[in-house]
Amino acid sequence: MTTPTLTFSSAFRTERGQHGRRELLPHKPVAATPIAPVPTGRVPRISRLMALAIRFDGLLRRGEVKDLAELARLGRVTRARATQILNLTMLAPDIQEEILTLPVVTAGRDTIKEWQVRPVAAEPLWGRQRRMWRDLRHSHVDHTCGVDVKLPTDCVHSNPGASSRCPSPGLFE
């Protein structure tokens, strides 16, 4: 009967210590690589849900989970919620990409919520989805002019003679 062998490796170095003794010391890093600054803020919830939807879809396609009910059990959500999340994969690929690359939220609430995207995902035609997404996205542009923008006509740039404090002129033109 053979006993299992446990092998591990570690980077270390030796140096002469006091009285000529060799000492084991941790390995010195070769060269410090510059670390990119981590953006402050958080990833929007809709972006995280889009990534989760893509993951769910992959698990189902590869057969790692049997069905949506098993997926819901594993995710500790209802089947209805799992369906809502999975329906995000019905969006046009360019919309999915845009959702995944939304800028981080540095303060306040997310500008686009998942419940607002559900009607877009329910639309079967990608052309109509793109129009709906454009309207949704433009109705939630962050303006620093202080105007609560709900419709493109609410922007100060749509009103002739309005002040030009907002940095996004021409967005709705």
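Tabulated results
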{"quantity": "Sorted by Cβ density within 10 Å, fewest first, the residues 138, 19", "calculated": "19, 138"}
{"quantity": "Euclidean distance between Cα centres, the stretch 77-92 to the stretch 49-67, Å", "calculated": "10"}
{"quantity": "Fewest-first sequence of 57, 67 by Cβ atoms within 10 Å of each Cβ", "calculated": "67, 57"}
{"quantity": "³J(HN,Hα) computed for each position of the stretch 66-76 - Karplus, 6.51 cos²θ - 1.76 cosθ + 1.60, integer Hz, glycine/proline x", "calculated": "6, 7, 5, 5, 5, 4, 5, 4, 5, x, 6"}
{"quantity": "In Hz, Karplus ³J(HN,Hα) per residue of the stretch 81-88 (6.51, -1.76, 1.60; θ = phi - 60°; x = Gly, Pro)", "calculated": "5, 4, 5, 4, 5, 5, 5, 5"}
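All of the numbers you see were taken from the coordinates with simple rules; none came from a lab. These numbers come from a predicted model, not from an experiment. All Cβ positions, glycine included, derive from the backbone under ideal geometry; neighbour counts span all protein chains shown.
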